[in-house]
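Below you'll find the structure, written out as structure tokens, and then a few comments.
The values are calculated or read from the model by the stated rules, or taken from the named source; none is laboratory data. Bear in mind that the values here come from a model prediction, so they are computed numbers and not experimental data. Ideal geometry is used to build each Cβ from the backbone, glycine not excepted, and the neighbour counts take in all protein chains shown. Surface areas here come from the heavy atoms of the whole protein model, side chains and all, with no ligands, DNA or RNA. Shrake-Rupley method; radii C 1.70, N 1.55, O 1.52, S 1.80 Å.
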Amino acid sequence: MALDSATIKKLAAHLDEAEMQTRDVVKITDDHPDMTWDDAYAIQDAIRDIKIARGDRVAGLKMGLTSYAKMKQMGVTEPVRGFLTDYGMVPDGGECDTSKLIHPRVEAEIAFVTKKPLKGPGCHIGAVLAATDFVLPALEVIDSRYRDFKFDLKSVVADNTSAARYVVGGTPRNHLGLDLKNLGVVLEKNGEVVTTAAGAAVLGHPAQSVAMLANMLGARGEEIPAGTLILTGAVTEAVAVEKGDNISIRFQDLGSISIRFT
Ligand code: OOG
Ligand code: MG
């Protein structure tokens, strides 16, 4: 680690305040170019601690930058992980208040819910499918705290991978009867199709994203507990939204999700 614990706490408070005050900031690697991956995840952990101390709850985990479309859009090359909060949840068919967000973008994702713990290293698609209870369609609203959505990987890890809001659809399906690689996804904004993809866009198979998460956590001696909701990462590039927009995502075999930005 290149940063001391006081600096990690200070940067966590800085990014959490930016989120709470709906205010953008410059990416933190500008002032801390020597920051390591461990520093970046330590800042993310410290943000989680601030939120828990405030009374918020961790509601799930997320992977990000798992598709080529996302990596290309953001100019990065590696997946990252973060966490979801209870206050970030928006009901399907509900409204998302843009006045609390800086520059929101929506993503279509396939979510998993586990029924057994998953622990890496050595976690693979087979282990993930054996430990999965069901899959759900999901929509993530990301909102980088960094000015103009410009960041490098360490900065975005520290910023809890731009996590802001999310919706999980209400139609759970048993994953064993589904072809998750070929599962088609169509994202519509105000009634027009803006982007499409299939499940394989995420690391060849969305379960691979869960395996990678288990292996990332396993490297730190941690695991994915049973009963965890996991967003596996956007299948397409993220789509910018503003007040007044209606987003609807159709998932083959999993139903659809819609929300309105107010
Ligand atoms: C980082 C978060 C990416 C995904 O699904 O790929 C993410 C970002 O692009 O701001 O959540
Ligand atoms: Mg996402």
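Just one of the numbered conditions (1) in contact with a helix residue (DSSP H, G or I) (Cβ under 9 Å, 6 or more places away or on another chain); (2) surrounded by fewer than 20 Cβ atoms within 10 Å (Cβ to Cβ); (3) touching a residue at least 60 places away in the same chain (Cβ under 8 Å) is not true of SER99: (1).
Tallying residues that are under 17 Å from the mean Cα position of the chain (by Cα) and either of a type in the set (Ser, Thr, Tyr) or more than 14 Å from ASN160 (Cα to Cα) (or both) within region 11-60 yields 2. Residues in region 48-67 that are loosely packed, with under 15 Cβ neighbours inside 10 Å, touching a residue at least 12 places away in the same chain (Cβ under 8 Å) and either within 11 Å of ligand 1 (Cβ to nearest atom) or of a type in the set (D, E, K, R) (or both): ASP49, ASP56, ARG57.
Listed conditions (1) in a loop (DSSP other than H, G, I, E, B); (2) within 16 Å of ligand 2 (Cβ to nearest atom); (3) surrounded by fewer than 16 Cβ atoms within 10 Å (Cβ to Cβ) are all met by LYS72, apart from (1).
If ILE28 meets every condition in (1) within 15 Å of ligand 1 (Cβ to nearest atom); (2) touching a strand residue (DSSP E or B) at 6+ places or on another chain (Cβ under 6 Å); (3) of a type in the set (A, V, I, L, M, F, W, C) apart from one, which number is that one? All conditions are met except number (2). Say whether the condition of being within 15 Å of ligand 1 (Cβ to nearest atom) and of a type in the set (A, V, I, L, M) is met by at least one residue in region 219-227. No; the residues of region 219-227 include none that is within 15 Å of ligand 1 (Cβ to nearest atom) and of a type in the set (A, V, I, L, M).
Results for (1) away from ligand 2 (no atom under 16 Å from the Cβ); (2) β-branched (Val, Ile, Thr), shown as yes or no for each residue.
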{"residue": "ASP31", "(1), (2)": "yes, no"}
{"residue": "THR36", "(1), (2)": "yes, yes"}
{"residue": "ASP56", "(1), (2)": "yes, no"}
{"residue": "THR66", "(1), (2)": "no, yes"}
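In the condition set (1) within 14 Å of ligand 1 (Cβ to nearest atom); (2) open to solvent by 40 Å² or more (accessible area, probe 1.4 Å), GLY82 is compliant with all but (2).
Yes/no matrix, rows are residues, columns are (1) more than 16 Å from ligand 1 (Cβ to nearest atom); (2) among the basic types (Lys, Arg); (3) modelled with pLDDT of 95 or more:
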site: THR114; (1), (2), (3): yes, no, yes
site: LYS119; (1), (2), (3): yes, yes, yes
site: CYS123; (1), (2), (3): yes, no, yes
site: ARG147; (1), (2), (3): no, yes, yes
site: VAL156; (1), (2), (3): no, no, yes
site: ASP159; (1), (2), (3): no, no, yes
site: TYR166; (1), (2), (3): no, no, yes
site: LEU178; (1), (2), (3): yes, no, yes
site: GLY191; (1), (2), (3): yes, no, yes
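Against the conditions (1) within 14 Å of ligand 2 (Cβ to nearest atom); (2) open to solvent by less than 20 Å² (accessible area, probe 1.4 Å), VAL168 satisfies every one except (2).
Would you check which residues across region 83-111 are under 17 Å from ALA238 (Cα atoms) and in a strand (DSSP E or B) and list them? Of everything in region 83-111, those that are under 17 Å from ALA238 (Cα atoms) and in a strand (DSSP E or B) turn out to be CYS96, ARG105, VAL106, GLU107, ALA108, GLU109, ILE110, ALA111.
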